[in-house]
Amino acid sequence: MNFKKKHFERRHLIELFIKTIMRIALIIVASSLGLILWTILSRGLPSLTWDMVTQIPKGGYYMGKEGGILNAIIGSIYLASGGTLIAIILSLPIALYLQAYAQDSKWGDYVRLSLDVLWGIPSIVYGAFGFALMISLGLRASLLAGIIALALVELPIMTRAMDEVIRRMPKDLEHAALALGSTKFEVALRVVTRQMLPGIITGILLAFGRGIGDAASVLFTAGYTDRIPTSLMNPTASLPLAVFFQLGSPYPEVRERGYAAALILTIIVLLVSFGSRWLASRLNKYTVK
Amino acid sequence: MDAHIQVKNLNAYYGKQLALKNINIEIPKNQITVIMGPSGCGKTTLLKTFNRFFELTENTQLTGEVLVDGENIYNKDVDVTEVRKVVGLLAQRPSPLPMSIYDNVAYGMRIHHLRKNREEYKTGVKHYLEIAGLWDEVCKRLSEPATSLSIGQQQRLCLARGLAVEPEIILGDEPTSALDPISSQNIESRLLELKKQYTTVIVTHTLRQAKRLADYVIFMYLGELIEAGPAKEVFSNPKHERTKQYLEGLF
Amino acid sequence: MNQVNVIKTIQENRTKKNIFAQKIFFGITIFPVILTLIVAIALFFRAFPILSEYQLSDLLFGEVWRPNQGLFGFRPFILGTIWVTTVGVILAVPACLLVSIYLAEYAHARTRSIAKPILDLLAAIPPVVYGVWGLLSIVPFVDDVLAPLAEGRLDSVPLLSVTQPTGFGILAGGIVLAVMIAPLIISVTFEVLSTVPNDLRHASLGVGATQWQTIRNVVIPQTLPGIIAAIVLGASRALGETIAVLMVVGNVPNIPTSIFDTAYPLPALIANNYGEMMSIPLYDAALLGAALVLLVVILIFNILSTLVLQRMLRRK
């Protein structure tokens with residue numbers, strides 16, 4: 001008998017070939033992230049100035065004169081925060097309900113299916129829906145309308161993330177609390193919420209990150225203005241649209257600033273993403289695994 | 001004694017944890033060797049080192065040698081698939097592949113190109129289903145999915161599938177623990193029939209099964225080999241205190 | 001009041017609270033279930049004027065788009081959407097399947113723990129940033145590298161002949177889309193592959209199969225519906241992608257014949273014209289009708305793939 005490997009046997013060659021192209025595919029996918037970040041950084045950094053993040057557009061800004069896009073940065077933070085807040089108000093009870101009452105029920109399945117379907121609806125459709133509502137009600141583009149559209153975009157992302165994390169939570173803890181005589185509601189509120197905290201935070205930050213970068217939903221609903229909004233009924237600028245509009249400019253200086261705006265947006269999104277990872281891992285230390 | 005498998009200075013680790021401590025043993029050819037011991041003693045781990053399944057668990061490490069027919073299967077240039085062809089495994093729970101009954105048995109033969117044409121595959125499948133004592137029950141439904149069989153039938157199908165690649169050694173990892181008594185008995189009698197042609201190594205948690213099957217016995221405790229020898233000797237006159245206690249049912 | 005009664009009252013209060021919370025929470029769960037319907041109805045309602053004035057087939061298959069003359073043919077936009085999505089999916093699928101199989105079957109835990117954050121970040125990058133990347137890297141790449149490569153060599157090959165010289169077009173849109181949908185396809189496929197019990201893999205490895213033989217004969221047949229669902233999910237994501245595609249695809253309402261052609265997908269049409277649509281009669285109805293068409297197609301894709309995935313992933 002001989003176990004010695006015959007390297008040139010067909011199946012070993014196939015194995016080697018498959019493994020090689022898989023690794024190449026992984027490298028391609030991973031390096032595309034690198035390429036994107038490098039492109040944005042190398043093109044955005046040269047025109048990134050302090051003025052850009054501290055000033056609102058001055059007269060002639062869109063022809064290459066002075067000013068910045070503080071209006072868009074603030075507007076985006078308002079929009080994403082508002083959208084996230086509304087999404088939390090809806091998501092948290094839904095996630096808790098799915099966990100506490102509808103773990104394996106038919107209704108729970110419907111709700112989860114609906115969330116998955118909502119998650120797949122493109123943001124341009126939410127934007128169009130928001131717009132349809134606005135013209136029906138005779139409203140103009142405003143911070144409020146943008147917040148509502150973003151809340152719809154964020155709701156399924158947030159709820160699914162929360163539900164996912166809670167479902168992975170160990171069940172013993174919950175049963176222990178039930179055995180101690182708590183009602184399901186109390187279990188949900190105390191034990192589950194505490195246990196869920198990493199999941200909730202992850203869900204919220206994930207949704208916030210998505211919300212701040214979404215352009216198609218706010219395009220119709222939030223409008224665009226050079227001023228920082230002072231009321232919910234004001235229209236507002238947003239960072240993704242600032243990028244989008246500046247890139248459409250015939251002036252090279254303005255396009256350059258568009259790249260810088262893209263860099264700012266990327267940095268914010270990456271910070272949120274890393275932040276959620278860091279927070280989740282920190283919080284995980286204090287919960288039973 | 002004609003040793004088929006020789007284990008030399010074998011240490012196995014899960015992460016940092018030592019699961020097998022310096023095992024040295026020889027397993028006789030064409031006999032049934034039973035590895036026994038309380039749960040967590042490392043008997044399944046030892047078995048898994050014989051067909052290099054141990055390394056399928058992530059973060060494991062192994063030192064020492066396992067020789068099959070005098071050749072160390074952990075040598076660098078060894079082809080794992082050849083090892084596993086020679087050393088077949090009957091798992092704890094029957095795991096029919098998601099294909100027809102026929103294809104389950106033909107699977108390994110096809111992988112190793114053991115037959116030339118369709119006719120030869122047909123006779124091959126029939127042959128091994130007969131050896132596994134399943135032919136009469138399934139000859140009319142070969143194209144049905146293997147999962148439509150009862151658990152006991154599934155385990156015999158897995159036996160046929162394993163034998164079809166013409167191994168020399170059969171490993172059994174508590175192969176009857178998921179089965180009802182009648183199916184268990186069926187499997188046991190197959191193994192007894194087959195021992196003339198195959199070297200068989202069985203891990204079991206029941207003493208009675210060990211007594212029914214064993215020609216040779218290995219007793220393990222906490223990752224260490226405590227005692228090994230011909231079944232008659234070990235059962236009637238254990239040399240080690242631990243073995244005695246185990247045989248008396250003290251733990 | 002004696003102690004027993006006090007405890008009883010507390011108990012009752014707690015039970016009441018439980019039931020009350022359950023009712024409120026239940027009420028909120030109705031919202032996501034009916035939201036899809038509300039969105040569809042609202043869009044239908046706003047699109048109704050144009051749907052009642054024109055035949056649906058004229059809208060969907062009409063070739064001319066001149067809103068100020070009352071001509072609303074969606075055909076170029078629908079075809080543009082199909083072209084860009086198809087190219088994106090064709091480019092994404094092979095790499096995505098290889099990566100997810102590699103991560104699920106071959107890679108060490110350490111490789112997986114490096115790959116996951118990379119995929120998460122790819123998924124987190126906003127569409128508009130993808131658009132900027134497409135504009136700065138992919139469009140020049142198509143223009144300077146791919147088009148010259150194809151020019152002269154592939155002119156006689158249908159679908160691949162170089163037709164216009166700017167780099168903007170279906171291929172650039174497809175490449176950007178492929179990268180955008182990759183994290184989704186990879187993570188869903190990975191999850192589907194991990195539903196295969198190790199016992200099955202071991203059964204195949206145990207008779208001396210190589211890993212790839214095991215994957216091809218056992219793992220893939222077992223998970224095929226889920227893998228297809230993952231791809232469909234990716235395709236539906238590509239169908240609705242707006243800003244990134246809009247920035248690189250050229251936005252000319254023609255009927256494409258080659259991947260080097262420009263195209264004008266539906267989402268881009270909706271996004272580009274929101275400003276002027278109130279000034280022309282029926283224009284807003286036409287655009288919201290376009291959104292409705294998009295929604296219906298995506299819903300079909302989505303519901304089918306989600307049902308398959310829910311069944312597969314629960315088996316775990």
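Each reported figure results from applying straightforward, stated rules to the coordinates on display, with no laboratory input. Everything numeric in this text was worked out from a predicted model, so none of it was measured. Every residue, glycine as well, gets a Cβ built from its backbone with ideal geometry; the counts of neighbours run over all protein chains shown.
Summing charges over all other residues whose Cβ lies under 15 Å from the Cβ of A:Thr225, with Lys and Arg as +1 and Asp and Glu as -1, gives +2.
Provide B:Leu247, B:Leu149, B:Leu157 in ascending order of the number of other Cβ atoms located within 10 Å of each residue's Cβ, fewest first.
Going from sparsest to densest Cβ surroundings: B:Leu247, B:Leu149, B:Leu157.
Please give the FRET efficiency for A:Glu164 paired with B:Ser236, using the beta carbon to beta carbon distance and R0 = 60 Å, rounded to the nearest 0.05. With a Förster radius of 60 Å, E is 0.55. The GNM of chain A, with springs linking C-alpha atoms under 10 angstrom apart, assigns the highest mean-square fluctuation among A:Lys106, A:Lys58, A:Lys19 to A:Lys19. Applying a threshold of 32 Å to the alpha-carbon distances of A:Lys65/C:Lys116; A:Lys4/B:Lys16; B:Lys85/C:Lys116; B:Lys16/B:Lys196 flags A:Lys65/C:Lys116; B:Lys85/C:Lys116; B:Lys16/B:Lys196 as lying beyond it.
For chain C, the Cα-based Rg and Dmax, in that order, read 25.2, 98 Å.
Enumerate the helices in chain C for which the Kyte-Doolittle hydropathy averages -1.0 or more and the C-alpha atoms extend at least 24 Å along the helix's axis, using complete DSSP H runs.
Helices meeting the criterion: C:3-53, C:75-101, C:170-193, C:220-240, C:283-314.
For the peptide B:71-77, the mean number of other protein chain Cβ atoms found within 10 angstrom of a residue's Cβ is 2.
For the protein assembly as shown, the antiparallel share of DSSP beta bridges with both residues in that region comes to about 60%. Between C:Ile82 and A:Leu13, the modelled label-to-label distance comes to 4.1 nm, taking each label 7 Å out from Cα in the direction of the beta carbon. Counting helices only, and only those DSSP H runs with n ≥ 4, report the 222 nm mean residue ellipticity of chain B as the sum of -39,500 (n - 2.57) divided by its residues, in deg cm²/dmol to the nearest 500. Value at 222 nm, helices only: -10500 deg cm²/dmol.
Which whole-number percent gives the relative contact order of chain A, counting Cα pairs below 8 Å spaced six or more residues apart? Can you show the working numbers first?
Numbers: 397 pairs, mean separation 77.0, N = 289.
The value is 27 percent.
Residue by residue along A:16-24, Cβ atoms of other protein chains within 10 Å of the local Cβ number 5 on average. Scanning chain A for DSSP H helices at least 30 Å long along the axis (C-alpha atoms) with a Kyte-Doolittle mean no lower than -1.0 picks out A:10-44, A:70-100, A:143-167, A:252-284. A simple count of charges around B:Phe53, restricted to other residues whose Cβ falls under 12 Å of its Cβ and scoring Lys, Arg +1 and Asp, Glu -1, yields +1. Ranked for footprinting exposure by Cβ neighbours inside 10 Å, fewest first, B:Asp173, B:Asp69, C:Asp144 give C:Asp144, B:Asp69, B:Asp173.
Springs join every pair of Cα atoms under 10 Å in this Gaussian network model of chain B, and among B:Ser183, B:Ser236, B:Ser39 the largest mean-square fluctuation is at B:Ser236.
Spacing of the modelled spin labels on C:Leu71 and A:Met233, each 7 Å from Cα toward Cβ, amounts to 4.3 nm.
In loop segments of segment B:69-156 as defined by DSSP, the trypsin sites (Lys or Arg not before Pro) with at most 13 further C-beta atoms inside 10 Å of their C-beta are B:Lys76, B:Lys116, B:Lys140, B:Arg141. Between the amide H of C:Leu71 and those of C:Arg66, distances stay under 5 Å, these residues lying 5 or more places away or on another chain, with hydrogens modeled in the peptide plane.
Where in segment A:1-67 are there GluC sites (Glu not before Pro) that are in a DSSP coil and have at most 12 other Cβ atoms within 10 angstrom of their Cβ? Kindly include the intermediate steps, with their values, before the conclusion.
Values: sites: A:Glu9, A:Glu15, A:Glu66; in loops: A:Glu9, A:Glu66.
Those that pass, being in a loop and sparsely packed, are A:Glu66.
Ranked by how many other Cβ atoms sit within 10 Å of their own Cβ, fewest first, the residues B:Arg208, A:Arg282 fall in the order B:Arg208, A:Arg282.
Expressed as a rounded percentage, what relative contact order does segment C:74-314 have, with Cα pairs under 8 Å and six or more residues apart? It rounds to 32 percent for segment C:74-314. Secondary-structure-derived ellipticity at 222 nm for chain A, considering helices only, amounts to -24000 deg cm²/dmol, per-run term -39500 (n - 2.57) for DSSP H runs with n ≥ 4. Relative contact order of segment A:114-172: what whole-number percent is it, with Cα pairs under 8 angstrom and at least 6 residues apart? Relative contact order here is 48 percent. Averaged over the residues of C:130-140, the number of partner chain Cβ atoms lying within 10 Å of the residue Cβ comes to 6.
Can you compute the FRET efficiency between A:Arg140 and C:Arg216 using 1/(1 + (r/R0)^6), with r the Cβ-Cβ distance and R0 = 56 Å? Round to the nearest 0.05.
Working: r = 59 Å, r/R0 = 1.05.
Efficiency computed from Cβ-Cβ geometry: 0.45.
Rounded to the nearest Å, what's the spacing between the alpha carbon centres of segment B:184-235 and segment B:164-178? Just the number, please. Cα centroid to Cα centroid, the span is 13 Å.
If you wrap a convex hull around the alpha carbons of chain B, what volume per residue comes out, as a whole number of Å³?
On the way: hull volume 32.0 nm³, N = 251.
Considering the Cα atoms of chain B, their hull volume per residue is 128 Å³.
On the basis of the beta-carbon distance and an R0 of 51 Å, A:Tyr251 and B:His113 show a calculated FRET efficiency of 0.15. For B:Phe251 and B:Asn30, the difference between the fully extended length at 0.36 nm per residue and the C-alpha to C-alpha distance is 76.5 nm.
Exactly which trypsin sites (Lys or Arg not before Pro) in segment C:123-220 are in a DSSP loop and have at most 14 other Cβ atoms within 10 Å?
Those satisfying the criteria are C:Arg153.
Where in segment A:1-25 does the amide nitrogen come within less than 13 Å of the point 7 Å from the Cα of B:Glu71, taken along Cα to Cβ? What the label zone holds, given the 13 Å backbone N cut-off, is A:1-7.
Regarding the protein assembly as shown, what is the average projected area of its C-alpha convex hull, in nm²? Don't skip to the end; give the middle numbers.
Details: hull surface 187.4 nm².
Its average projected convex-hull area is 46.8 nm².
Net length available on complete extension from C:Gln164 to C:Ile34 is 42.2 nm, with 0.36 nm assigned per residue and the Cα-Cα distance removed.
Given the -39500 (n - 2.57) contribution per DSSP H run of 4+ residues, what per-residue ellipticity at 222 nm results for chain C, rounded to the nearest 500 deg cm²/dmol? List each step's numbers first, then the result.
Values: 13 runs with 214 residues, N = 316.
So the helix-based figure for chain C works out to -22500 deg cm²/dmol.
Could you grab the Rg to Rh ratio for segment C:72-163? Cα atoms only, Kirkwood for Rh. The partial results should precede the final answer.
On the way: Rg = 17.7 Å, Rh = 16.5 Å.
With Rh from the inverse mean 1/r over Cα pairs, Rg/Rh is 1.07.
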